[in-house]
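A short write-up of the structure that comes next.
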Amino acid sequence: MKFLNVRVDRLSLSKARWKRKVKDENTTELAESIRKHGILQPILGRRHNGKIEILDGAHRLAAAKKAGIEIAPIMLKELDDSDGTMSSIETGLKRYKLTNEERAKAILKYKELWEKEHGKTQRGGDRRSADAKQNGTGGKPNFEKDAAKRFGYSRASINKVVNRKNNLDPKVERALEDEEITAEHADELKKLPRERQCELLSKVLKGDLTRDQTREIVAAEKRTVGKGKTSDQLKRSLSMSASHAKKLSAEIAVALRLIDKLKEKAPKKLKTIQCPDELRKADDSLVAVRKALKGRGAASSPA
């Protein structure tokens, strides 16, 4: 590690840098501070192809140029592309006030690099690894645990970001990455089938749906369809319910016939049996249920 003072016009942003957008509103106030006090925190860089590239400190560099500063302090490290990206992500997640969208992008980029070294993570965790570790035979590294420890976040917050990516349609994911929608919008849309996500996405992008309106629509559709069920799954579920009602109705009919026959043969002994009327009422109810279920199944089918 070396510390150098380098001319600002000789510095460029590295392609290995985690690409957090440099926003003008974030550099204006910083430029005023730099004009008064200078650059207090050295900018992280590396030598690459004979030039000095910036891995972390893009806002400070932009603010220095805006403030008219010619020389910037650089902390020079020998880092390859992977280590350079990892270092800029870690610095960003630990030091900066990031938006939910920026934080998610950084965590997912870290996950991509982490998996190159440790292998793909499994949804829901790796129980075999946990068992192996408990038995003293070692175990695979756990991404959520590692990321939470490294960046100071809870495992639940890391899991939320990963889960969101796993359940989003690619179009919605791109809109989130480009910051066209908020993380809150994405968290609601991920609960719906992917085709429906895209339908609502177009309305969100047009400004027709706020976050709260999106939440209300998703909640209403979840109540209608049932937890995690698509329209096709709902129709199958309704069909099964109708079949079950039909089977129960048939069994009740058999019971009624048997009771009537028994009462004809031995009416005195069966005076205590009061169930035929109740069974007939139950049978009528089941018929009504079957009709209702069939009606709902037809209504839920796509036009």
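The values are calculated or read from the model by the stated rules, or taken from the named source; none is laboratory data. Remember, predicted model here, so these are calculated numbers, not experimental data. With ideal geometry, Cβ positions are generated from the backbone for all residues, glycine too; neighbour counts draw on all protein chains shown.
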Of the residues in segment 59-98 that are in the same structural domain as R7 (by TED's automatic domain parsing) and β-branched (V, I, T), the one that is nearest to A183 (Cα to Cα) is I74
Scanning segment 35-47 for residues that are under 20 Å from T91 (Cα atoms) and in contact (Cβ under 8 Å) with a residue 12 or more places away in the chain gives I39, Q41, P42, I43, L44, G45, R46, R47
